[in-house]
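Below you'll find the structure, written out as structure tokens, and then a few comments.
The values are calculated or read from the model by the stated rules, or taken from the named source; none is laboratory data. None of the values given here were measured: they were computed from a predicted structure. We place every Cβ from the backbone using ideal geometry, glycine too, and count neighbours over all the protein chains shown.
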Amino acid sequence: MRAGMAPRILVVLALVLAIGACAKNQPPIARPALPPPPGPTTTTQGPRPPAPPAPVGEPPLVPPEPVLEDSVAARSLDDLNRESPFQPAFFDYDSADLTPTAQKALDGNAALLKKYPTWVVTIEGHTDERGTAEYNLSLGERRAGAARTYLVSLGIAADRMRTVSYGKEFPFDAAHAEGAWSKNRRAHFVITAK
């Protein structure tokens with residue numbers, strides 16, 4: 001029996017091998033890779049870049065010194081002209097010559113123009129109500145021009161000042177007496193740009 005068994009075992013073994021040979025080869029099933037463990041490792045792309053340096057502690061911020069806002073420069077043009085920092089230059093009757101008092105007022109105005117170098121002003125020439133309209137317009141123009149010329153002599157750029165004459169049209173004081181007339185004979189300053 002043993003001799004008859006050997007051929008049977010060979011047949012079974014051949015049959016198993018034949019079945020195994022006929023079976024199609026299937027590719028292996030890909031399984032997801034586990035993430036690499038933390039720590040220094042290298043990848044196929046090369047070594048990891050070095051870690052960024054630790055941030056340097058910023059010094060504590062010290063608040064700046066409080067800036068005292070210039071109350072004059074911070075105001076609007078309307079407010080500035082309503083409460084004008086400029087002094088008018090007053091003139092004698094029928095004159096466009098600057099008196100020492102008018103020069104002192106213009107010295108102060110020049111200091112303001114130097115302090116605020118972006119300001120542009122219009123110098124208005126005014127007269128009292130006596131005289132013809134034509135004469136007063138001419139006199140007002142001479143008064144505004146005299147004030148402008150004096151300021152230019154003090155170092156103020158001429159292109160920062162415009163002149164206009166209103167003659168007797170816009171009196172400061174509408175009364176009909178010498179006290180009012182002396183207030184109306186003036187070169188008046190209006191800030192037109194800052």
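Among the residues of the range 117-128, is there at least one that is assigned to a helix (DSSP H, G or I) and surrounded by 21 or more Cβ atoms within 10 Å (Cβ to Cβ)? Scanning the range 117-128 turns up no residue that is assigned to a helix (DSSP H, G or I) and surrounded by 21 or more Cβ atoms within 10 Å (Cβ to Cβ). Going residue by residue through the range 3-21, is there one that turns out to be at pLDDT below 70 and part of a loop (DSSP other than H, G, I, E, B)? No: the range 3-21 contains no residue that is at pLDDT below 70 and part of a loop (DSSP other than H, G, I, E, B).
Restricting attention to the range 39-90, the residues that are within 16 Å of LYS194 (Cα to Cα) and either of a type outside the set (Asp, Glu) or at pLDDT 75 or above (or both) total 16.
Scanning the range 159-188 for residues that are assigned to a strand (DSSP E or B) and surrounded by fewer than 17 Cβ atoms within 10 Å (Cβ to Cβ) yields ARG162, VAL164. Residue pairs whose Cβ atoms lie under 6 Å apart, separated by 6 or more positions or on different chains, with the first residue in the range 169-183 and under 17 Å from THR132 (Cα atoms) and the second surrounded by 11 or more Cβ atoms within 10 Å (Cβ to Cβ), are PRO171/ASN184; TRP181/ASP128. The single condition among (1) in contact with a helix residue (DSSP H, G or I) (Cβ under 7 Å, 6 or more places away or on another chain); (2) within 25 Å of LYS168 (Cβ to Cβ) that ALA110 does not meet is (2). Restricting ILE156, ILE191 to residues that are under 33 Å from the mean Cα position of the chain (by Cα) and either assigned to a loop (DSSP other than H, G, I, E, B) or of a type in the set (Gly, Ala, Ser) (or both) narrows the list to ILE156.
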